[in-house]
Each structure stands twice: as C-alpha cells, then as structure tokens.
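Okay, structure first, notes after.
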Amino acid sequence: MVVNEAQAALDALKVDGFAMGDGFERAHRIAQAHEGEPLFDWLHALCHRIEGDHGNAAYWYRRAGKAPFDGSFEAEAAAIAAELAG
C-alpha cells in the first residue's frame, strides 16, 4: 500500500523530531524505493532538506514537480500528508 508507506515515512520522520536518526534512514529508504513517484520524490526532497543537502533537495523537488518548500519541516510533512489524504 503506497499510502501506508508514505504515512509510515512521515511518521518515522516525526518520531525523530525531523532530525537525522533511524526514522530519517527509514523514511529515506522508503522514498528511494518509490523513486519516480511524485509524492515520494517530494518526500525525498524533505529528507534532503532535513539532512541539510539543499542542492540534492532541489533536484528532488524538480522531480516531484514542486517548488522548494519555504517553511518548517513539520509544515512540509503536513502538506505531504494533506496531499496523501486527497
């Protein structure tokens, strides 16, 4: 279930307080497993923002068809979750 995997990735990031850690690694693996799917490419961009790799994040935003997010990590996760909910 793609929605469940995306939500699991968002939950993992939240558990780590949107910082580097095991949850980040899990979310990043999930995003990589779905490369080419716009929602997961957006999630991948968020992962690289958290990591501080803004150049790589910009690449994933382009792949996702999204403008770089200008807000907190929490707000971006909420925006991704809202898109998941439809």
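The values are calculated or read from the model by the stated rules, or taken from the named source; none is laboratory data. For clarity, every value in this text was computed on a predicted model and none was experimentally measured. All Cβ positions, even for glycine, are placed from backbone atoms using ideal geometry, and neighbour counts span all protein chains on display.
Taking the listed residues Ala58, Ala64, the one that is among the aliphatic types (A, V, I, L, M) and in contact with an Asp or Glu (Cβ under 6 Å, 6 or more places away or on another chain) is Ala64, with no other qualifying.
Scanning segment 59-77 for residues that are in a helix (DSSP H, G or I), surrounded by fewer than 14 Cβ atoms within 10 Å (Cβ to Cβ) and hydrophobic (A, V, I, L, M, F, W, C) turns up just one, Ala75.
Check whether at least one residue in segment 21-30 is of a type outside the set (A, V, I, L, M, F, W, C), surrounded by fewer than 20 Cβ atoms within 10 Å (Cβ to Cβ) and either within 19 Å of Ala67 (Cβ to Cβ) or at pLDDT below 95 (or both), and report yes or no. No: zero hits. A Cβ distance below 6 Å, combined with a sequence gap of six or more or placement on separate chains, defines the contacts here; from segment 39-61, residues that are over 13 Å from Glu76 (Cβ atoms) reach residues that are of a type in the set (A, V, I, L, M) and assigned to a helix (DSSP H, G or I) in the pairs Phe40/Ala31; Asp41/Ala64. Residues of segment 47-62 include at least one that is of a type in the set (Gly, Ala, Ser) and touching a Cys at 6+ places or on another chain (Cβ under 9 Å). Being at positive phi, buried (at least 18 other Cβ atoms within 10 Å of the Cβ) and either out of contact with any Cys (no Cβ under 7 Å at 6 or more places or on another chain) or among the polar types (S, T, N, Q) (or both): is that true of Phe18 here? Considered against the rule, which asks whether it is at positive phi, buried (at least 18 other Cβ atoms within 10 Å of the Cβ) and either out of contact with any Cys (no Cβ under 7 Å at 6 or more places or on another chain) or among the polar types (S, T, N, Q) (or both), Phe18 comes out as yes.
Filtering segment 32-49 for residues that are of a type in the set (S, T, N, Q), within 11 Å of the chain's Cα centre (by Cα) and either more than 15 Å from Glu83 (Cα to Cα) or not in a helix (DSSP H, G or I) (or both) leaves a non-empty set. From the list Gly23, Gly17, the lone residue that is among the small types (Gly, Ala, Ser), farther than 21 Å from Gly86 by Cβ and not in a helix (DSSP H, G or I) is Gly17.
Every condition in (1) in contact with a Leu (Cβ under 6 Å, 6 or more places away or on another chain); (2) aliphatic (A, V, I, L, M); (3) in contact (Cβ under 8 Å) with a residue 24 or more places away in the chain is met by Leu10 except one, and the failing one is (1).
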